[in-house]
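The values are calculated or read from the model by the stated rules, or taken from the named source; none is laboratory data. Everything numeric in this text was worked out from a predicted model, so none of it was measured. Cβ placement follows ideal geometry from the backbone for every residue including glycine, while neighbour counts extend to all protein chains displayed. The protein model used for the area step is the full one, side chains on, heavy atoms only, and it has no ligands, DNA or RNA in it. Shrake-Rupley method; radii C 1.70, N 1.55, O 1.52, S 1.80 Å.
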Amino acid sequence: LPSSPSLPTGLEAQHNDFLLTTAILTAALVILYYTVELVLLKLQPAWYRRCDAKKQAIFPSYLTCTLHHVFLVPYAWYKIYIDFTRSPLGLTSLDYAGLESMVAPFNFAYLIADLITFAVPQLLRGEGVGMLVHHVCTLAFIWAALCGPGQFMRFIPHLIVCDTTNLFLNTAWVLRRVEYTGAGLIFALELLFTISYMLVRAVHFPVVLY
């Protein structure tokens, strides 16, 4: 989209509070991660200790991730819907930096917190670099949107809705780990994950960027 030079960048719209806000949110999410672990050990010690080390490490990450997505994914879908109601002229002149920059610290903080508590420890355990690469690339995308013309912030909700898939996958994974016996619900969630992955990640996001 064409960008007006008078529009601020995403960082400028944060009024220099981006780094501070991100640091506070990161600390809160790291605390939440370890709180989840402590709560599981307190409420279900026998069950939690029966899980192998890999599952014990993944569980707090999945729950924290799901909590983040429960709040931001519906918000992102709503913002995309609002965009569809706007005229083409409105889309080219709207101050997206002001509208969308408020959610950038939440996304940045979540990714940094998950790097600290999950992705880097996963790498150090020799379990692969996939999550580390994913988070670093996503951080780079958000940073580019923040530093570029304000119109770039229009793509942030489209990035967030990709996490729709994780709501289905994470819920199914947690239900399996807690030995939930409703196989039909788990199958439905995994089917929804597969369908949403193709529609939202493989089709929607590349088309929007193109």
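Key figures
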| read-out | value |
| --- | --- |
| Residues listed by number, region 142-186, amide nitrogen under 20 Å from Q56 label point at 7 Å toward C-beta | 174-179 |
| Degrees separating the helix 18-43 axis from the principal Cα axis of the chain, which is the longest one | 20 |
| Protection-proxy order for peptides 186-197, 152-163, each taking the mean of Cβ atoms within 10 Å per residue, highest first | 152-163, 186-197 |
| Computed label-point distance, nm, for sites L89 and H134 using a 7 Å Cα→Cβ extension | 4.3 |
| Which of D83, D17 is most accessible, then next, and so on - probe 1.4 Å | D17, D83 |
| Percentage of interatomic Cα-Cα distances in region 15-106 larger than 22 Å | 50 |
| Which of V136, V30, V73, V207 is most accessible, then next, and so on - probe 1.4 Å | V207, V136, V30, V73 |
| Y210, Y62, ranked by accessible area, largest first (probe 1.4 Å) | Y210, Y62 |
| Which label in (i) 50, 42, 30; (ii) 46, 36, 32; (iii) 60, 38, 28 gives the computed Cα extents along the principal axes in Å | (iii) |
| Average accessible surface area per residue within the chain, 1.4 Å rolling probe, Å² | 54 |
| Ellipticity estimate at 222 nm from DSSP helix runs (n ≥ 4, -39,500 (n - 2.57)) divided over the chain, nearest 500 | -22000 deg cm²/dmol |
| Tilt relative to the chain, helix 164-177 - C-alpha long axis, 0 to 90 degrees, to 10 | 10 |
| Taking only Cα atoms of region 146-203, radius of gyration then Dmax in Å | 15.3, 50 |
| FRET efficiency for M102 and A202, using Cβ-Cβ distance with R0 set to 30 Å, rounded to 0.05 | 0.55 |
| Alpha-carbon centroids, region 104-161 and region 60-81: separation in whole Å | 14 |
